[in-house]
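Student: My structure is below; once you've seen it, I'll send some questions.
We did not get these values from a lab; they are worked out from the coordinates using the rules stated. Quick caveat, the model's predicted, so the values are computed rather than measured. Every residue, glycine as well, gets a Cβ built from its backbone with ideal geometry; the counts of neighbours run over all protein chains shown.
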Amino acid sequence: MLSSGASAHHMNTQLYSAPIHVAAEDVNIENIRLLLENPKNQADVNSNNKLGLTAIHILLSKLVEFAAWQNKARNIRPNKVDTHPSFVSLSYL
C-alpha cells in the first residue's frame with residue numbers, strides 16, 4: 001500500500017492508531033521496517049495511540065508477555081514446540 005501512495009502517517013480517527021501501531025501489535029517486523037525505511041513517507045515512531053503508547057511500548061509489552069509465557073510450564077504454553085529428545089521422532093534413522 002505504501003508503494004501505491006498510502007501515507008505511513010495516517011491516523012485512524014476511530015481507533016486512534018497509526019499503521020506503525022498495528023504492525024507493532026501484530027509483531028510484524030517486516031511491515032515495521034517498511035514503514036520506517038522510506039524517508040519521504042516514514043512513520044513517526046513517537047506517535048501515540050489512544051492509550052498513549054508508541055510502537056516501541058507495544059513491542060516491549062509483547063516481549064514481556066512472551067517472556068512471561070516462557071516461564072510457564074511447557075504443557076500450558078500457547079504454540080509450544082517440544083524439542084525434548086524423548087519427543088523427537090527418530091523415524092528418519
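Student: Under a straight-distance cross-link criterion of Cα-Cα below 12 Å, which aspartates and glutamates are reachable from Lys62, leaving out those fewer than 8 residues away in the same chain?
Tutor: By straight Cα distance, Lys62 reaches Glu25, Asp26.
Student: Still on this structure: Identify all aspartates and glutamates with a Cα-Cα distance to Lys72 below 19 Å; exclude those on the same chain that are fewer than 8 residues away in sequence.
Tutor: Asp82
Student: Here is a further query. Add +1 for every Lys or Arg and -1 for every Asp or Glu among the other residues with Cβ under 15 Å from the Cβ of Ala23, and state the total.
Tutor: Details: positive: Arg33, Lys62; negative: Glu25, Asp26, Glu30, Glu37, Asp44.
For residues surrounding Ala23, the net value is -3.
Student: Through the Karplus equation 6.51 cos²θ - 1.76 cosθ + 1.60, θ set to phi - 60°, convert the phi angles of the stretch 42-52 into ³J(HN,Hα) values in whole Hz; use x for Gly and Pro.
Tutor: 9, 5, 8, 5, 9, 6, 9, 8, 5, 9, x
Student: In a shell of Cβ-Cβ distance under 13 Å around Ala43, excluding Ala43 itself, what net charge do Lys and Arg (+1) and Asp and Glu (-1) give?
Tutor: 0
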